[in-house]
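The values are calculated or read from the model by the stated rules, or taken from the named source; none is laboratory data. The model shown is predicted, which means the values in this text are computed figures rather than measured ones. Every residue, glycine among them, receives a Cβ derived from its backbone with ideal geometry; neighbour counts consider all protein chains shown. Quick note on the areas: whole protein, heavy atoms, side chains included, nothing else; ligands and nucleic acids left out. Shrake-Rupley method; radii C 1.70, N 1.55, O 1.52, S 1.80 Å.
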Amino acid sequence: MPYEVTLLRTIYERTDGYCHICHCKLSFKNYASLGNRGSWEVEHSRPRACGGTDHRNNLFPACIRCNRDKSDFTTRTARKWNGTSRAPYSKAVKGKMRDDNAAAGGILGGLFGLAGGPVGVAFGAAVGAAIGRSIKPPKV
Ligand SMILES: [Zn+2]
């Protein structure tokens, strides 16, 4: 079944363009383009054979190898083969995590800075926020 480009884009961005099973990078333009770098397909997390639907909540981007290997196995099983346990984060989620880290780092840095007076607080907060922002979201 062909997918509309906007739906493909939505599915692709769910994981920021990474295979939801093995987490390898996919190339949006190589959709269904077997043999090309980053080629991918729409994968039904719950297989249609097992009652999975075409609702986009059930659709994930997967590299063609993963999609074919997974066949009618569960997503949990296929991810286990690849040492992963969940889908990669979307760009929006990753950005939110960085903001949270920056906020937490700012507070922590500010507390440390208390020892240095008002200037210490500002300096500590700035350093803490920078460190917090630089923390990468955890690998999943
Ligand atoms: Zn894959």
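Considering every residue within the stretch 10-32, establish whether at least one is farther than 21 Å from P137 by Cα and in contact with a His (Cβ under 9 Å, 6 or more places away or on another chain).
Within the stretch 10-32, not a single residue is farther than 21 Å from P137 by Cα and in contact with a His (Cβ under 9 Å, 6 or more places away or on another chain).
Within the stretch 29-47, which residues are within 17 Å of D16 (Cα to Cα), surrounded by 15 or more Cβ atoms within 10 Å (Cβ to Cβ) and not small (G, A, S)?
Passing the criteria: N30, Y31, W40, E41, V42, E43.
Considering the stretch 122-138 alone, what residues qualify as being at pLDDT 85 or above and open to solvent by 20 Å² or more (accessible area, probe 1.4 Å)?
Passing the criteria: A122, F123, A125, A126, V127, A129, A130, I131, R133, S134.
Please verify whether R14 is assigned by TED's automatic domain parsing to the domain that holds A129, open to solvent by 60 Å² or more (accessible area, probe 1.4 Å), more than 13 Å from the ligand (Cβ to nearest atom) and touching a Pro at 6+ places or on another chain (Cβ under 8 Å), treating the condition exactly as stated. Lay out the reasoning, then the answer.
On the way: assigned by TED's automatic domain parsing to the domain that holds A129: no; open to solvent by 60 Å² or more (accessible area, probe 1.4 Å): yes; more than 13 Å from the ligand (Cβ to nearest atom): yes; touching a Pro at 6+ places or on another chain (Cβ under 8 Å): yes.
Judged against the criteria, R14 is not a match.
How many residues does the stretch 48-72 contain that are within 16 Å of the ligand (Cβ to nearest atom), surrounded by 12 or more Cβ atoms within 10 Å (Cβ to Cβ) and not acidic (D, E)?
Number of matching residues: 11.
Among (1) open to solvent by 20 Å² or more (accessible area, probe 1.4 Å); (2) within 10 Å of the ligand (Cβ to nearest atom); (3) assigned to a helix (DSSP H, G or I), which single condition is C22 missing?
It is condition (3) that C22 fails.
Which of the numbered conditions does T6 fail, given that it passes all the others? Conditions: (1) open to solvent by 80 Å² or more (accessible area, probe 1.4 Å); (2) not in a helix (DSSP H, G or I).
With respect to (1) open to solvent by 80 Å² or more (accessible area, probe 1.4 Å); (2) not in a helix (DSSP H, G or I), T6 is out only on (2).
Any residue at all in the stretch 84-107 that is in the same structural domain as K25 (by TED's automatic domain parsing), of a type in the set (D, E, K, R), within 21 Å of the chain's Cα centre (by Cα) and within 16 Å of the ligand (Cβ to nearest atom)?
no
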